[in-house]
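A.B. asks: Encoded as structure tokens, here's the structure I'll be asking about.
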Amino acid sequence: MAIHERSLVEPERVLRKERLVIDGVDVSGDWNLVILPRVIEDYDLDFLDEVLKQPEGKTILQCYQCSYCTASCPVHNYWDERYNPRHFIYLARLGLIDELQKRADVIWRCVSCHKCTHRCPKGVLVEETLKAILKVMSKKGLIEEYPSKKFDTFFLEAVFEHGRIEDGELLFGWIEKQGYQVFKDPILKKPIPFLGGTPEWLKQLAVKPIKSMNIDFLILNAKHMLFHPKTKNWNKFKQVLRKVFDEEGVSLAH
Ligand code: SF4
Ligand code: SF4
């Protein structure tokens, strides 16, 4: 039988009397704590097998729940404590899909810094394992297409088209895709930075590094945004990639 964590025990199932004396014995507080049992119907016994079948999920069974990954994770520490890589692995191994679904709004927030993987004493490829869990959740219809996956696809499309990415074009293209109005020049139809509906947070984020950039580098970036350079012989390689994507069932806009 699975041993469940405290976070999985709903408060209404916890009985505890602050003052209780039975036959002269003081059993106040935690000494009388009782957890009412519940019937668990949300185990998905195939879930772990599915994760193990993913190339990214092969190391999930190596985890011994020490929590080094969570302690190292910037998303957990500085954004939202509900983002907890160790806990996601725990839930996936038990096949507790309802509990995973309850965390669907945070589970995709990994920023791929790999601190967790670097520090894991058991060699679990944590970031990859989380991707495998997301993949299986998505396959089983337990989660909508998650925002980071949408960005991954957008990124892949840019690489597929040109064989390389241009930061500015990628950034403004993504902003446009999010529904913001991006102002474009009338001839080449390229985005003109910071005109249109660029969100304020982005302006603040971008202006500081731009100010400290070398002028030659800025000119080069602007040139690349206008005339997106292509990797040499990219069209030939694109055909090979197209075949691989077809075989893998990856669909792109191009
Ligand atoms: S650091 Fe590794 S072993 Fe420890 S909980 Fe995270 S994945 Fe599991
Ligand atoms: S790779 Fe993802 S899960 Fe791992 S520490 Fe970084 S943000 Fe957290």
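The values are calculated or read from the model by the stated rules, or taken from the named source; none is laboratory data. The model shown is predicted, which means the values in this text are computed figures rather than measured ones. Methodologically, a virtual Cβ is constructed for each residue, glycine included, from the backbone with ideal geometry; neighbour enumeration extends over all protein chains shown.
A.B. asks: I'd like the residue in the stretch 117-173 that is of a type in the set (G, A, S) and away from ligand 2 (no atom under 16 Å from the Cβ) and, out of all such residues, is nearest to A222 (Cα to Cα).
C.D. replies: Out of the qualifying residues, it is G168.
A.B. asks: On to the next question. Give the residues of the stretch 65-108 that are aliphatic (A, V, I, L, M), surrounded by fewer than 15 Cβ atoms within 10 Å (Cβ to Cβ) and within 13 Å of ligand 1 (Cβ to nearest atom), sorted by residue number.
C.D. replies: Correct list: A71 only.
A.B. asks: Quick check on my filter: what residues within the stretch 117-145 are within 11 Å of ligand 1 (Cβ to nearest atom), more than 14 Å from the chain's Cα centre (by Cα) and not in a loop (DSSP other than H, G, I, E, B)?
C.D. replies: T117, H118, R119
A.B. asks: List the helices (runs of 4 or more DSSP H) inside the stretch 146-231, counting only whole elements, that have at least 3 residues being closer than 30 Å to Q101 by Cβ and of a type in the set (F, W, Y).
C.D. replies: 147-162
A.B. asks: Go through the stretch 45-54 and give me each residue that's in contact with a helix residue (DSSP H, G or I) (Cβ under 8 Å, 6 or more places away or on another chain), surrounded by fewer than 19 Cβ atoms within 10 Å (Cβ to Cβ) and in contact (Cβ under 8 Å) with a residue 12 or more places away in the chain.
C.D. replies: L48, Q54 - these are the residues of the stretch 45-54 that are in contact with a helix residue (DSSP H, G or I) (Cβ under 8 Å, 6 or more places away or on another chain), surrounded by fewer than 19 Cβ atoms within 10 Å (Cβ to Cβ) and in contact (Cβ under 8 Å) with a residue 12 or more places away in the chain.
A.B. asks: Take the residues in the stretch 34-64 that are away from ligand 1 (no atom under 16 Å from the Cβ) and of a type in the set (A, V, I, L, M), then tell me which one is farthest from V9 (Cα to Cα).
C.D. replies: Out of the qualifying residues, it is L45.
A.B. asks: So, one more: Here is a list: L45, L8, L36, L61. Which entry is at negative phi, modelled with pLDDT of 95 or more, out of contact with any Ser or Thr (no Cβ under 9 Å at 6 or more places or on another chain) and aliphatic (A, V, I, L, M)?
C.D. replies: Answer to the check: L61.
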